[in-house]
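First comes the structure, then the notes that go with it.
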There are 2 protein chains.
Amino acid sequence: MHYQAPLQDIEFVLYELLGGAKLNQLPRFTEVTPNLVMAIISEGGKLCEQELFPCYAEGDRVGCLYDPSDQSVKTPPGFRQAYQRYVTAGWNGVTLDEAYGGQALPHLVGFVMEELSCATNLAFSAYPGLTGGAINCISAHASETLKQQYLPPMAEGKWSGTMCLTEPQCGTDLGLIKTKAIPFNNNDQFRITGTKIWITSGEHDLTDNIIHLVLAKLPDAPEGTKGISLFLVPKLLPDGSRNGVSCGGVEHKMGLNGSATCVMNFEDAVGWLVGPPNGGLRCMFTMMNNARLMVGLQGLGLAETAYQTALTFAKERLQSRAVTGAKFPELPADPIIVHPDVRRMLLRQKVINEGNRALAYWVGAEIDISEYHPDKAERQQADDFIQLMTPVVKAFLTDEGSYCCNLALQTLGGAGYTKDWGIEQLVRDVRITRIYEGTNGIQALDLVSRKLPLHQGRLFAVLLTKINLLIKPYTDSPHLTQQQQAINLLKETTQWLAINGSKDPEQAVAVATPYLRLVALVCLGALWLKMAALADQQLQQDASQKNFYQAKIKSAHFFFSKILPEIEFLSTDIQSGKTSLMDFELDEF
Amino acid sequence: MHYQAPLQDIEFVLYELLGGAKLNQLPRFTEVTPNLVMAIISEGGKLCEQELFPCYAEGDRVGCLYDPSDQSVKTPPGFRQAYQRYVTAGWNGVTLDEAYGGQALPHLVGFVMEELSCATNLAFSAYPGLTGGAINCISAHASETLKQQYLPPMAEGKWSGTMCLTEPQCGTDLGLIKTKAIPFNNNDQFRITGTKIWITSGEHDLTDNIIHLVLAKLPDAPEGTKGISLFLVPKLLPDGSRNGVSCGGVEHKMGLNGSATCVMNFEDAVGWLVGPPNGGLRCMFTMMNNARLMVGLQGLGLAETAYQTALTFAKERLQSRAVTGAKFPELPADPIIVHPDVRRMLLRQKVINEGNRALAYWVGAEIDISEYHPDKAERQQADDFIQLMTPVVKAFLTDEGSYCCNLALQTLGGAGYTKDWGIEQLVRDVRITRIYEGTNGIQALDLVSRKLPLHQGRLFAVLLTKINLLIKPYTDSPHLTQQQQAINLLKETTQWLAINGSKDPEQAVAVATPYLRLVALVCLGALWLKMAALADQQLQQDASQKNFYQAKIKSAHFFFSKILPEIEFLSTDIQSGKTSLMDFELDEF
């Protein structure tokens, strides 16, 4: 595997495409200059390249070792050292308030670091990743006492966190949860009993304590999702004694072997309520929405590593001559990058990855605005946009991440299928991103059934405004007509969904998956149009980074020639509706 | 994993869709009645379900064990027993002439068995699979002496075979081969020296002897692919002594762990020439073309197992209620097969698999005609069709096989990512089928650069004739207009290719991949149109298999609504040509 943090492209997206995400306009971040942000990201990139990346492949080979005698889990070689370096650099609490031991940096910084850390070691990133989610959830919903008790050691990295949702009988449908919480000590504490499965980082040897956020049901709770509460359940109680939490084993998975996926048994474990009784799912969703964006970045990160590796191979491997005649007559054959079909595979990866980076950061840059902008309307608009785009980023970036890692493997041919180049690990590891934090099918349902109808379509109107703002200045773009047609197709299809979905909700959910994809591609079109136009302007002023900017212009051409045209197919699929799916009787499958 | 041989669908394709492939009209097979064929296939299916399937998952876990002390390879538990049952049933020599110990059955029977055996144990199938290829090659090209010496023990299963092509510096580009063959004993024998890699079944413990077919260069051979010869090199020489062939190790791969992928070292190994000097590549291609069709069936087979497993899961797993209200109010939740997005995933698999089976058998049924039809023109036409369609079947069935195994995994959500249900193994194992026997990119080049221009486009004309013959009787099909438009689009695109490719060959190779896909989809359209029409006729006469035939009609509807419309996208991609690929400079990637 080969990887260098793509700092030039990150800077281009953050500061040329997105204009610095207005960070300096936020009172909280007046001192967070572009130079400071890029210096921090650059240091983060080095940490990933030098500490996380070297133990990635061995982490896959060795995996997490479960010892039934003491129910402990040992992480792979190198993970403990990497973890120490990671938390010492302050990354665990990078966006947390200083009052709780954090660095109070913009979410955007943590957002970019997620791409880099997942690109270099997805399995490792699961440990601080879950802690980050738990920190967000505790910050937002726990009592001040719990915050002061738990946030500082978590920010410091001495303690880590988990999310405990899934049970054997329920994953997507959390209304079926059976884990029980019985109050005691005057309703101040609860005894939690139940079994949770697929708990990422549920048990490991990186930290002294593990703080579980557990969904459970109070006695006499309402049925279904309205009767779920959230509890903080530490592995070690405040007095240092062991709580009734234990790991029953680790899962054997297709990949992500360095990440411990645990069965967690809670037996009269002591916990504290987080958020209101029966309001647990709402609290968990604060955490989940952010986590879903992060999973999108995982798909992007792994695809970037896969692309860099495939590109290295394609420039080195000599096979056959270019169809138009030898390009390197001094060599026994030409490097395979001269062959059009190899370029087709490489460019698909490059153009999708760079487009997806622009898409993710476009959304991620709004997180700080939604939280810290002094103007309520601005905060609301940013939040609307994030709400709508979270399922799109999660599903599209992981579907494409998986597709592009497979294309990278294909670029290597037989060498890609062996373990030598590491791409097969990327293909196995990235595969989970389409599933966890809500399968991509669930993301599409969230988009179509919850986000689109919200506030009479206000979120979609925000998206259209933002898409039009992106392309507005570039009236002489060679891609303008095609992009405007794409926007019109998106409007027409959304209209079809609104009309048919309101008559029959099954019509909407039946075509949610291609609709989500259509939204993503039209957004990418606007972003590529602007990126090419900016590159064109830049080339007229300064030729020092000629290759980078010319590649942007050519990449946009590739996108509009060979990627965007898929939207016609998607629109046809969508407008054919549900009939061909729902006509099947159960015994006709 | 769940699997039952899809005998009803196989019979439908062979005897309703394809009319028995005219087998009875061939003098060689006058006694091979439909009942006999289905009885043999049914027995084969049982063997696969009962012997091959049970050792598939453990074969993945244990893998092939290489012992450096004696350079031996031990196959996984159960493989030796399964192999004995397999060869005792006569499958190794199923199509071989009786004179050499074969059963002289139609190729079509072996063809169908390839689907079933690969569906149940792809790793196991590699051992008899390579032997089958070697038998074909020796039958077609070796001297009578070699045939009499080697074919009977291979047909009996006492000996096995390999194909030794790839070397570290060359896979696709065989012109770069370095292995040398030095004649001795009056040019009757040769001493072979060189290293071959990725040799499937190169060493193992299933047979007493292993017969390698090795590409090597004679002294003073012309440069490139015109200077390659083919040699038969046994592990044990006729006198029982060990030849200079040894296994240097086995590869560690993403999957297919039960199949030994070996490094083979030849050091002054004694071999015999097969075919003419410097004519080795042509001989090997006889073997490869057949093997490529077989690899297509592997993609189909694994996708069938994945679908059956996903379907079982989707009927059992209870999550959430149908959007239109509870379908099974007596259960705590509805089975997930009620949800439209789950049906979208399942039906995509079902409809593609059944379509691909029809496509593969449509081509496979011509193999016997191309060999045994008394009329030369009929043989020629069948051969034209096979030639053109071999790369299409290989690439499309394995691309879709990989895609559909991934959809099956997705249907299971988190359960699919763990090793419990076995689908993740199918995803890993099927991945190699897009690579070996020529990557799918190479298949597309073969189609566009070799097969299309051959004999002034005669092969493509044969395909069009056969497509039109399929749909001709069904003038009131509801899909006729759409299918005719699809055929017109295929003609238009092929015309574009012919014009632009003759001006600039890079234009053709740059869009070969989407073009191959377009050809496959238009063929599937014709096959689905006919299958639905046949089902409709059948339902009017006999309602005893109502579910099966109604499903065919509904599947065709799904195909024309949600799969075929991709061709518009493919055509746009193709007609955008090479520019966006070839404009990139090497340092702009």
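Hey, rough spin-label estimate for B:Lys46 and A:Gln169, points 7 angstrom out along Cα→Cβ, what's it come to in nanometres?
Inter-label distance under the simple model: 4.1 nm.
Just to confirm, what accessible area per residue do you get for the protein assembly as shown at 1.4 Å probe, in whole Å²?
35 Å²
Which parts of the stretch A:247-282, residue by residue, lose 10 Å² or more of accessible area when the rest of the protein chains are there, as against the chain isolated (1.4 Å probe)?
The answer is A:Glu251, A:His252, A:Lys253, A:Met254 - residues whose exposure falls by at least 10 Å² when every protein chain is included.
Take every Cα pair under 8 Å in the stretch A:7-155 that's 6+ residues apart, average their separations, divide by the length, and report that relative contact order as a whole percent.
22 percent
Nearest 0.05, what FRET efficiency do B:His2 and A:Asp205 give at R0 = 56 Å with Cβ-Cβ as r?
Calculated value: 0.90.
Mean residue ellipticity at 222 nm from the helices of the protein assembly as shown, using -39,500 (n - 2.57) per DSSP H segment of n ≥ 4 over the full residue count, to the nearest 500 deg cm²/dmol?
-17500 deg cm²/dmol
Can you list the residues of the stretch B:549-578 that have at least 20 square angstrom less accessible area with all protein chains present than in their chain by itself, probe 1.4 Å?
Those are B:Ala551, B:Lys554, B:His557, B:Phe558, B:Ser561, B:Lys562, B:Pro565, B:Glu566, B:Phe569, B:Thr572, B:Asp573, B:Ser576, which lose 20 Å² or more relative to the chain on its own.
Show me you know the interface measure: the accessible area buried between B and A, both chains summed, probe 1.4 Å, in Å² to the nearest 100.
8200 Å²
How far, in whole Å, is the nearest Cβ of chain A from the axis relating it by rotation to chain B, and which residue carries it?
Smallest Cβ distance to the axis, with its residue: A:Phe569, 2.
Enumerate the helices in chain B for which the Kyte-Doolittle hydropathy averages 1.0 or more and the C-alpha atoms extend at least 15 Å along the helix's axis, using complete DSSP H runs.
Taking the DSSP H segments of chain B (at least 15 Å long, mean hydropathy at least 1.0), we get B:458-471.
May I ask you to give the percent of accessible area on the stretch B:55-169 that is carbon plus sulfur, with a probe radius of 1.4 Å?
48 percent
Loop-only GluC sites (Glu not before Pro) in the stretch B:1-79, please: DSSP not H, G, I, E or B, and at most 15 other Cβ atoms within 10 Å.
Those that pass, being in a loop and sparsely packed, are B:Glu31.
Please report, for B:Leu586, the nm distances (one decimal) from its label point, 7 Å out from Cα along the beta-carbon direction, to the equivalent points in the remaining copies, shortest first.
Counterpart label points of B:Leu586 in the remaining copies fall at 6.2 nm.
Place the label 7 angstrom along Cα→C-beta at B:Asp205 and in each other copy, then list the distances from the first to the rest in nm, shortest first.
3.4
Distance from the Cα centre of the stretch A:124-159 to that of the stretch B:78-151, in angstrom?
62 Å
Using only the C-alpha atoms of the stretch A:159-278, find the volume of their convex hull and express it per residue in Å³.
101 Å³
Measure out, as a whole number of angstrom, how far apart the alpha-carbon centroids of the stretch B:314-371 and the stretch A:362-380 sit.
43 Å
Starting from the coordinates of the alpha-carbon atoms of the protein assembly as shown, obtain the Kirkwood hydrodynamic radius over all distinct pairs and give the value in Å to one decimal.
Evaluated over the protein assembly as shown, this radius sits at 31.3 Å.
Going through the cross-link list A:Lys74/B:Lys253; A:Lys178/B:Lys419; A:Lys253/A:Lys552; A:Lys158/A:Lys376; A:Lys180/A:Lys394, which pairs have a Cα-Cα distance over 27 Å in this structure?
The pairs that break the limit, which is 27 Å between Cα atoms, are A:Lys253/A:Lys552; A:Lys158/A:Lys376; A:Lys180/A:Lys394.
Return P(r) of the stretch A:7-155 (all Cα-Cα pairs; 10 Å bins starting at 0; whole %; ordered from short to long distances).
Result, from short to long distances: 10, 35, 34, 17, 4, 1 percent.
Report, in cubic angstrom per residue, the convex hull volume of the C-alpha atoms of the stretch B:439-580.
Cα-based convex hull of the stretch B:439-580, divided per residue, equals 114 Å³.
Run the quick spin-label model on B:Lys327 and A:Gln484: label points 7 Å from Cα toward the beta carbon, then report their separation in nm to one decimal.
4.5 nm
Return the carbon/sulfur percentage of the accessible area of the stretch B:215-334, one whole number, probe 1.4 Å, all protein chains in place.
Using a 1.4 Å probe with all protein chains present, the stretch B:215-334 comes out at 54 percent carbon and sulfur.
Based on the Cβ-Cβ distance of B:Asp97 and B:Asp239, what FRET efficiency does E = 1/(1 + (r/R0)^6) give at R0 = 25 Å, to the nearest 0.05?
Between B:Asp97 and B:Asp239 the formula returns 0.40.
For the stretch A:412-478, what class follows from the C-alpha gyration tensor (a ≥ b ≥ c being the square roots of its eigenvalues): rounded when a/c is under 1.5, otherwise prolate if a/b is larger than b/c, else oblate?
Judged from the Cα gyration tensor, the stretch A:412-478 comes out oblate (a/c at least 1.5, b/c at or above a/b).
In the P(r) worked out for the stretch A:306-385, what percent of Cα pairs fall beyond 22 Å?
51 percent
Along Cα-to-Cβ, 7 Å out, sits the label point; list in nm, shortest first, how far the one on A:Ser502 is from those in the other copies.
Those label-point separations list as 5.7 nm.
Which part of the stretch A:1-31 falls in the paramagnetic zone of A:Glu316, meaning amide N under 15 Å from the point 7 Å along Cα-to-beta-carbon?
A:1-4
Express the carbon and sulfur contribution to the solvent-accessible surface of the stretch B:346-430 as a percent, rounded to the nearest whole number, probe 1.4 angstrom.
In the stretch B:346-430, the share of accessible area belonging to carbon and sulfur is 42 percent.
Cross-link partners among lysines for A:Lys503, C-alpha distance below 16 Å, same-chain residues fewer than 8 apart left out?
The reachable lysines, counting only those whose Cα sits under 16 Å from A:Lys503, are A:Lys578.
So which residues in the stretch A:393-411 end up with at least 40 square angstrom less accessible surface once the other protein chains are there, compared with the chain by itself, probe 1.4 angstrom?
Residues passing the criterion (a loss of at least 40 Å², heavy atoms only) are A:Asn406, A:Gln410.
If I take every Cα pair under 8 Å that is 6 or more residues apart in chain B, average their sequence separation and divide by the length, what percent do I get for the relative contact order?
Relative contact order comes out at 13 percent.
In whole Å, what is the distance between the alpha-carbon centres of the stretch A:454-517 and the stretch B:515-586?
27 Å
Straight-line reach from B:Lys327: which lysines fall under 16 Å, measuring Cα to Cα and dropping same-chain residues less than 8 apart?
B:Lys315
At a Cα cut-off below 18 Å, give the aspartates and glutamates reachable from A:Lys217, other chains included and same-chain residues fewer than 8 away excluded.
Of all the aspartates and glutamates, those that pass the test against A:Lys217 - Cα under 18 Å, at least 8 places apart if same chain - are A:Glu167, A:Asp173, A:Asp188, A:Glu267, A:Asp268.
The values are calculated or read from the model by the stated rules, or taken from the named source; none is laboratory data. Everything numeric here is computed off the predicted structure, so don't read it as measured data. Glycine also receives a Cβ, built like all others from the backbone with ideal geometry; neighbour counts cover every protein chain displayed. In case anyone asks, the SASA skips ligands and DNA or RNA and just uses the protein heavy atoms, side chains included. Shrake-Rupley method; radii C 1.70, N 1.55, O 1.52, S 1.80 Å.
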